[in-house]
Amino acid sequence: MPEPMLEVAGLRKFFEVKRGFPRATTVTVRALDGISFTVGAGQSFGLVGESGCGKSTAGRAVLRLIEPDEGRVAFKGEDVLAAGKERLRALRRKMQIVFQDPYASLNPRRMIGKALTEPMRVHGVGAPGERVARAELLLAEVGLPKNAMTRYPHEFSGGQRQRIGIARALTLEPELIVADEPVSALDVSIQSQILLLLQGLQERRRLSFIFISHDLGVVRYFCQSMAVMYLGRIVETGPIPAIFKEPLHPYTKMLRDASPVPDPTRKVAMLRIEGEVPSAVNPPAGCHFHTRCPHAMEICRKAYPEWTPLGDGRGVACHLHKV
Amino acid sequence: MSAATEAPLLELDGLVTEFRTGGAWHAALRGVSFALARNETLALVGESGCGKSVTALSIMGLLPPANSRIAAGRIRFAGRDLVGLSEEAMRKLRGNEISMIFQEPMTSLNPVLTVGFQVAESLRYHRGMEGQAARRAALELLDQVKIPAAAQRFDDYPHQFSGGMRQRVMIAMALACRPKLLLADEPTTALDVTIQAQVLALLAELKSAYGMAMIFITHNLGVVASIADRVAVMYAGAIVETAAVDELFARPTHPYTEALLRTIPRVDEDSAGLAAIPGQVPPLSAMPPGCRFAPRCALREAECEATDPALAPLPAAADHRVRCRVRAPATAAPRHA
């Protein structure tokens with residue numbers, strides 16, 4: 001593995017949520033329950049899991065868009081969580097985010113040119129004229145015409161808006177981009193356009209990515225390694241080819257086998273999957289996955305399995321795979 | 001196929017559905033024809049705006065009357081034409097002989113009524129069931145769609161259910177009167193993959209148990225491969241390719257189908273390389289003349305931009321029909337107009 005761009009260790013975030021009517025009670029959502037992973041320089045790291053597993057919280061906690069409760073985040077060796085206001089501002093130039101729904105993340109009353117030059121103004125990059133010139137270059141880089149500068153978000157299609165979202169993330173020349181489901185809201189033909197665009201940018205600019213997605217196919221295509229999350233914890237991590245060839249955690253295997261492939265001779269394994277996703281408010285005791293696991297044993301109901309590193313960058317938390 | 005000998009349950013013939021925008025009528029469907037047999041699943045697949053949902057809403061008679069109309073064509077269902085049927089007659093069919101389920105179950109469930117009450121509603125309306133009888137029948141339905149502890153959850157409200165369970169409730173409602181035809185509009189798109197797999201299994205199981213015909217609308221070709229018997233690929237308001245599911249995936253022939261398959265990053269194998277389709281679907285009000293896909297097509301010839309090709313059978317497989325003058329030149333007159 002190349003030198004790490006980002007190292008995350010024991011990252012934790014619990015939310016207190018009021019629930020219920022008419023008398024609300026406070027419950028704790030264990031959104032991130034101590035996760036650790038490393039993103040290599042110039043690499044794409046996939047964070048995979050179903051809704052509510054904590055993958056988006058992880059992406060935001062790394063950038064401190066959500067303040068984590070505990071843990072360590074190091075960007076090129078520098079402690080992100082300990083950074084004061086000034087340092088954090090400097091770090092944010094290097095770490096940017098692309099959201100799933102670019103329409104929700106663009107101000108509808110602000111022209112695209114303004115949206116692109118604003119971050120440069122805030123961070124004091126360049127003179128006004130230079131900012132405009134750079135914004136135009138960025139638009140060209142993401143495949144949009146210059147005249148987009150004076151248009152509003154509603155004038156663009158979903159795919160074009162995502163291009164704008166990407167251009168905005170690039171305005172400060174970041175080294176790491178957290179891409180949170182960047183292609184999930186798009187039609188397949190547009191999805192592949194955006195994936196190819198991101199791939200080109202990564203190669204040209206040597207960007208590192210944390211790529212958050214529920215779509216295993218997209219992660220297999222875009223990333224070199226990945227982590228699978230379930231109810232706030234990482235259950236398996238490793239290089240893409242190895243995980244897809246031989247998933248170790250039963251949940252990883254379940255996700256892979258439930259993902260539909262365009263081949264009628266390989267229909268999704270439909271009937272073997274049982275059970276619902278439990279909630280992160282009250283995760284099952286022992287291994288959180290045991291309620292849905294086809295291999296659940298007595299010990300799985302009692303003890304959460306320890307993290308087991310397996311070499312070659314692989315690791316798994318499952319009682320079936322202890323050394 | 002044995003079903004071919006009996007009359008199809010549903011037959012669309014040259015359906016043209018138009019919407020009014022900016023004072024002019026634009027065709028969202030431009031001559032859609034297909035036939036569907038009992039116990040058959042047809043997948044309508046395509047990207048946003050290709051006309052999949054408009055096809056379903058046309059069949060259901062749920063198009064907004066203020067700005068839409070069926071301009072031509074017929075929808076023959078179990079022997080009668082649904083086009084021009086009175087609203088009252090349609091209401092007797094809907095939820096009874098034809099049902100529909102939608103992508104987002106929360107928006108189609110009433111948040112202030114219990115789940116059990118809503119499932120029993122169509123039994124009360126169409127079957128005249130009352131009180132305990134309706135409750136018993138509704139409970140049986142909830143059991144059939146495998147809602148755990150259905151008896152305890154009967155009086156719960158929709159917000160107390162997860163997304164997957166809500167979709168099961170929708171399915172129970174849709175199937176209450178044992179419809180002959182189920183229209184499923186992206187029913188698993190909003191669900192997680194493991195839950196999607198459960199719901200697909202449930203739909204396939206209930207379909208064969210009831211002998212229902214199903215139109216399954218999706219943009220996901222992987223889901224199509226898992227659930228469909230036959231596939232119709234739509235683009236810009238027309239079917240551009242249709243075939244049995246095995247045939248379609250073995251020999252995708254329309255350049256759009258072929259390109260779509262190359263845009264999917266696959267879970268089961270390393271992608272040799274993703275190919276994007278340049279450009280985007282043209283808007284209704286600015287459709288190109290000739291073949292609608294021509295501006296984005298790699299095989300485009302000058303003639304493609306001038307004449308709109310017909311859906312023509314392939315010489316090797318008459319049941320595999322393709323709307324492309326390069327890939328499937330119409331040698332004889334096409335069977336369907």
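Just so it is clear, none of the values below were taken in a lab; they were calculated from the coordinates. Model, not experiment: these values are computed from the prediction. Quick reminder, even Gly has a Cβ in these numbers, built from the backbone with ideal geometry, and neighbours come from all protein chains shown.
Below is a table of values for the structure above.
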| item | result |
| --- | --- |
| Net dipole in debye of the range A:4-246 [+1 Lys, Arg Cβ; -1 Asp, Glu Cβ; about Cα centre; nearest 20] | 720 |
| Choice from A:Met229, A:Met254, A:Met297 showing the highest fluctuation, given a GNM over chain A with Cα pairs closer than 10 Å | A:Met297 |
| Shielding of B:225-234 by partner chains, average beta-carbon count, 10 Å | 3 |
| For chain B, built as a Gaussian network whose Cα springs stay under 10 Å, the top-fluctuating residue of B:Glu301, B:Glu88, B:Glu140 | B:Glu88 |
| Fewest-first sequence of B:Met212, B:Met129 by Cβ atoms within 10 Å of each Cβ | B:Met129, B:Met212 |
| Using alpha-carbon coordinates, inclination of helix A:112-122 to the longest axis of chain A, degrees | 80 |
| Residues B:Met106 and A:Ala285, FRET efficiency given R0 of 35 Å [Cβ-Cβ distance, rounded to 0.05] | 0.70 |
| Modelled FRET efficiency - R0 45 Å, B:Ala72 with B:Glu205, Cβ distances, 0.05 increments | 0.75 |
| Highest-fluctuation residue, B:Ala138, B:Ala302, B:Ala294 considered, GNM on chain B with Cα pairs under 10 Å | B:Ala302 |
| Semi-axis lengths, Å, chain A, gyration tensor of Cα atoms, sqrt of 5 times eigenvalues | 35, 22, 20 |
| Additional length obtainable on full extension of the chain from B:Asp143 to B:Ala89, 0.36 nm per residue less Cα span | 16.4 nm |
| Estimated FRET transfer efficiency (A:Glu155, B:Asp246; beta-carbon r; R0 30 Å; 0.05) | 0.10 |
| Mean projected area (nm²) of the alpha-carbon convex hull when the range B:142-269 is viewed from all directions | 9.3 |
| Whole-number D in µm² s⁻¹ for the range B:107-176, Kirkwood Cα-pair radius fed into Stokes-Einstein, 37 °C, 0.692 mPa s | 282 |
| Label point distance in nm, A:Arg110-A:Glu246, each placed 7 Å from Cα along Cα→Cβ | 5.1 |
| Separation in nanometres of the label points that stand 7 Å from Cα toward Cβ, at B:Ala318 and B:Thr189 | 3.6 |
| Acute angle (nearest 10 degrees) that the helix B:163-175 long axis makes with the longest principal axis of chain B, alpha-carbon atoms | 90 |
| For residues of B:198-204, the mean tally of beta carbons on other chains within 10 Å | 4 |
| Spin-label model distance (nm) - A:Arg72 vs B:Met287, 7 Å beyond Cα toward Cβ | 6.3 |
| In order through the range A:95-106: 3J(HN,Hα) via Karplus (6.51 cos²θ - 1.76 cosθ + 1.60), integer Hz, x for Gly, Pro | 10, 10, 10, 10, 8, 5, 10, x, 5, 6, 9, 10 |
| Rg to Rh, two decimals, where the protein assembly as shown supplies the alpha carbon set and Rh follows Kirkwood | 0.98 |
| Residue-averaged 222 nm ellipticity for chain B, from DSSP H runs of 4+ at -39500 (n - 2.57), nearest 500 | -9000 deg cm²/dmol |
| Principal-axis tilt of helix B:115-127 within chain B, Cα atoms, nearest 10 degrees | 80 |
| 5 angstrom amide H check on B:Ala312, placed H, neighbours 5+ away | B:Val322, B:Arg323, B:Cys324 |
| For q = 0.17 Å⁻¹, Debye-computed log10 I/I(0) when each Cα of the range A:85-137 counts as one equal scatterer | -0.65 |
| For the range B:107-176, with +1 on Lys and Arg beta carbons and -1 on Asp and Glu, the positive-most of B:Val115, B:Ala134, B:Ile147 along the dipole | B:Ile147 |
| Residue-span extension gain [A:Asp312 to A:Phe15] - 0.36 nm each, minus C-alpha spacing | 103.5 nm |
